[in-house]
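Okay, so here's the structure we're looking at.
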Amino acid sequence: MHPVVFEIGPITIYSYGLMLSLAFALAVLTAFLNARRHGVDPWLFVDMALLLFLAGLLGSRLLYVALNWDDYAGRPLWTILATWEGGVSFYGAILGGFLAAVWFTRRRGLRLAPIADAVAPGLALAAAVGRIGCFLNGCCYGVPTSGILGVFTRFAPGLRHPTQLYESFAYFLVFGFLLWWQKKRARAPGQLFVLFVGAYLVGRYVVEFFRDDGHRFYPWLSLTQAASLVIAAVAVAAYVWLGRRHRAETAAPRASRAPE
């Protein structure tokens with residue numbers, strides 16, 4: 001673990017915050033380079049960057065604090081926003097960024113679906129890099145293990161599964177898969193983003209079996225896994241619905257041109 005990268009006088013650079021910043025920068029860069037494939041102006045993501053960063057950071061922290069309220073009740077208010085100490089929820093980041101994107105696109109009169117598709121691979125890359133920050137910080141650790149992959153963390157005793165690295169590896173695979181899939185398959189607008197959500201959930205669901213998570217409905221099912229199952233069902237339904245709507249929309253113009 002390396003929670004602190006370096007210190008210069010009163011300035012401390014934390015590895016967690018540094019990796020989160022790098023993750024966001026890579027997400028924006030990936031969306032910028034991927035934009036034209038989806039018919040989106042690349043500079044739109046530069047305009048949206050600050051808004052999405054603030055909304056995603058706020059959403060990720062607030063959801064994490066809400067799910068771990070017992071750890072924050074009675075503490076000073078500023079600790080709720082102390083993201084450099086670790087503790088964010090990627091679900092919250094996606095939700096906060098999504099709501100901000102909905103507001104932004106409606107204000108500009110833009111279509112949300114192609115914008116979401118353009119940013120989807122970047123979100124997978126950001127999740128992969130962000131989990132490396134978790135590993136360096138020592139948070140989001142796994143259950144005890146005696147295997148050769150076990151690592152120490154400053155937040156719990158004994159050797160632990162490096163679940164942060166498990167997740168990071170999974171999301172790098174999702175990133176590569178999305179880049180490949182968008183080149184090889186015909187798709188309806190919005191389906192690539194929904195596919196990202198589904199693939200992310202699969203990775204998170206599997207890793208949860210090795211993660212030390214006290215929020216469990218049953219010994220084998222965590223709160224995160226339960227939420228993943230619900231969201232995955234919604235994602236599958238959305239994927240099917242987007243495909244059917246797209247086929248109906250593309251078939252309608254052909255039907256109108258058919259000879260009488």
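A short reminder: the numbers here are calculations on the coordinates, not readings from a lab. Owing to the predicted nature of the structure, the values given are computational and were not obtained by experimental measurement.
Structure above, values below:
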| item | result |
| --- | --- |
| Under Karplus coefficients 6.51, -1.76 and 1.60, residue-wise ³J(HN,Hα) of region 90-97 in Hz, glycine/proline x | 5, 4, x, 5, 5, 5, x, x |
| For Val5, distant residues with modelled amide H under 5 Å away | Ile13, Tyr14, Ser15 |
| Per-residue HN-Hα couplings for region 111-127 [Karplus 6.51, -1.76, 1.60; θ = phi - 60°; Hz; x = Gly/Pro] | 7, 6, 4, x, 5, 5, 4, 5, 8, 4, x, x, 5, 5, 5, 4, 5 |
| Nearest-ten-degree value, helix 43-67 long axis tilted from longest Cα axis of the chain | 50 |
| Estimated Rh, region 1-153: Kirkwood, alpha-carbon pairs, angstrom | 16.8 |
| Calculated from backbone phi, Karplus (6.51, -1.76, 1.60) coupling profile of region 11-19 in Hz, x at Gly/Pro | 8, 10, 9, 8, 5, 5, x, 5, 5 |
| Region 88-103 versus region 1-51: alpha-carbon centroid distance in Å | 15 |
| For region 1-77: rounded, prolate or oblate by the Cα gyration tensor [a/c cutoff 1.5] | oblate |
| Global geometry of region 62-221, whether rounded, prolate or oblate, following the gyration tensor of its Cα atoms and the 1.5 cut on a/c | oblate |
